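Nothing in this text is a laboratory measurement; each read-out follows from the coordinates by a stated rule. Computed from a predicted model, the values in this text were never measured in an experiment. In this analysis, Cβ positions are derived from the backbone assuming ideal geometry, glycine residues included, and neighbour counts consider all displayed protein chains.
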Amino acid sequence: MKSIILSNFHPIQVGELFEQDKLNQYTKFLYYHFQNIPIVENTGNLEETTKESVGFDYISDQVDKYSVSSESINKRQIIIFEGVRKFIENIMNVRSPLDYHFPDGFEVKEGKSFGPKIEVRMEWFKTKMGYVFDQFYLKTTTPPENLIHVTCSGYSSPSVAQEAVIERNWNNVQVTHSYHMGCYGAFPAIRTARSLIAASSENGRADVVHTELLSAHLNLTEFSPANTMICSLFADGFIGYSLYEENAFMADHSVLEKKGLRILASHEVIIPDSLEDMSWDLGEYNFLMTLSKRVPVFIRKNIKEFLTTLCEKSGVNLDEEKAQMYFAIHPGGPKIIDYVVSELGISDNQARWSYAVLRNHGNMSSATIPYILDAIINDVTIVSGTRVIAMAFGPGLTATSLLFEKL
């Protein structure tokens, strides 16, 4: 089989980062408003307006209890709030919760309290995401043989990836869509790109671009522990990178620094009896997430055996070699990283980029692992030949992983 290299990582920032404390405070303002909207009830020929009041202090206590704190996430990119940045950054701390400002498109209209429907959110996605391809191809100016678009947050046909190649007159670029797999989405996309290169007679480059506009699906109205956790954990994330056949990579003079990761093995399983524990479904207004408390338990119970099998595929003994390895763990939440580190018996330092990316960006769904891999590639303290394990988890409950060797 051809040796395949991951390289050319380019994280892309579309909007400014918001401080986590301010985002959690803004969530309190929105909850307060939506829990106190007047409810119109029909009583015969009369209409009576009732108001079920929920105090701001109670809402504040609940958000503080169930949200991800600034100790784990310092800042996140939340594009949908850009229109109210001035309010969040400068005005909110001196205003009453009654003086709320809504993001554009989320204004409450009579009889509607859930913001825009899903077709409007998809239009936002389509309008904004061309910028990600523009930024990636400012740095990578030659066409790939294959382009894979990864997202779980916005769809259109023709897609933004197809529009990107049409605008550049790259009529022979093959576009593949890798959609709706959530946090583990980078792994099937990398497997697909690897297979396309393996089947290519030209050993052409395969580009992978992630566009995760998760803020378009925030539920700003549901005052619950689960929704509070989700609203405080997920963030928008955008990144592009390339896969190459190794000899073609070394001969490509446009790649000045031969930094990257060589793929050694991959492994994926669906954990039994976990089908209902994580989901990402279409709703009338936004995509709907469910995430049960059993997910960390499943991960902790299965992770050691799962990664042992991954390593065996490349003749590596996990127990004997783990002390010299590094780990890219998808930060489904702060505790997920802790559980994996503890169960494998490794140090926090061996997974430090997972903690750092979560703290600096939040959970960006499928874009998160590529951010972590980019950090590992550019870490000069990790020498050539070091093995790296990347892993993520998603609906199914699916566990997926890749074993790399750093160039």
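Taking a ≥ b ≥ c as the square roots of the eigenvalues of the Cα gyration tensor of region 289-365, is the shape rounded (a/c under 1.5), prolate (a/b larger than b/c) or oblate?
It is oblate, given that a/c is not under 1.5 and a/b is not larger than b/c.
Could you give the distance between the Cα centres of region 146-162 and region 167-182, to the whole Å? Cα centroid to Cα centroid, the span is 6 Å. Residues in region 280-288 carry Karplus couplings, in order, of 8, 10, 7, x, 5, 10, 7, 6, 10 Hz; the curve used is 6.51 cos²θ - 1.76 cosθ + 1.60 with θ = phi - 60°, and Gly or Pro positions show x. As a size descriptor, the averaged projected area of the C-alpha convex hull of the chain was calculated at 21.9 nm². The label-point distance for GLU167 and GLN13, in a model that sets each label 7 Å from Cα toward Cβ, rounds to 2.1 nm.
The string of couplings for region 122-134 from the Karplus curve (6.51, -1.76, 1.60, θ = phi - 60°) is 5, 5, 4, 4, 5, 5, 8, 7, x, 4, 5, 5, 4 Hz, one whole number per residue in order, with x for Gly and Pro. Each residue in TYR244, TYR100 was given a count of other beta-carbon atoms within 10 angstrom of its own, and listing them fewest first yields TYR100, TYR244. What translational diffusion coefficient, in µm²/s and rounded to a whole number, does the Stokes-Einstein relation yield for region 107-246 at 10 °C and a viscosity of 1.306 mPa s, taking the hydrodynamic radius as the Kirkwood radius over Cα pairs? The Stokes-Einstein estimate is 96 µm²/s. With both labels modelled 7 Å from their Cα along Cα-to-Cβ, the MET250 to GLU123 distance reads 5.3 nm.
Report the full-extension gain for the segment LYS65 to ASN93: residue separation times 0.36 nm, less the Cα-Cα distance, to one decimal in nm.
My answer for the length gained is 8.1 nm.
Which order results if MET181, MET1, MET122 are arranged by neighbouring Cβ count within 10 Å, fewest first?
MET1, MET122, MET181
Over region 188-242, all Cα pairs binned in 5 Å intervals from 0 give whole-percent P(r) values of 4, 16, 18, 13, 10, 10, 10, 8, 6, 3, 1, listed from short to long.
For the pairs LYS28/LYS75; LYS259/LYS304; LYS304/LYS335; LYS22/LYS86, note any where the Cα-Cα span goes beyond 19 Å.
Numbers: LYS28/LYS75 17 Å; LYS259/LYS304 29 Å; LYS304/LYS335 16 Å; LYS22/LYS86 12 Å.
Those over the limit are LYS259/LYS304.
Using a Gaussian network model of the chain in which every pair of alpha carbons under 10 angstrom is joined by a spring, one finds that among GLY396, GLY185, GLY332 the greatest mean-square fluctuation is at GLY396. Listed from fewest to most Cβ neighbours within 10 Å, the set THR176, THR142, THR211 follows the order THR142, THR176, THR211. Across region 201-304 the C-alpha pair distances fall into 5 Å bins from zero in the proportions 2, 8, 14, 14, 12, 14, 12, 10, 9, 4, 1, 0 percent. The long axis of helix 186-198 is offset from the longest Cα principal axis of the chain by roughly 30 degrees.
The orientation-averaged projected area of the convex hull spanned by the Cα atoms of region 261-406 comes to 8.8 nm².
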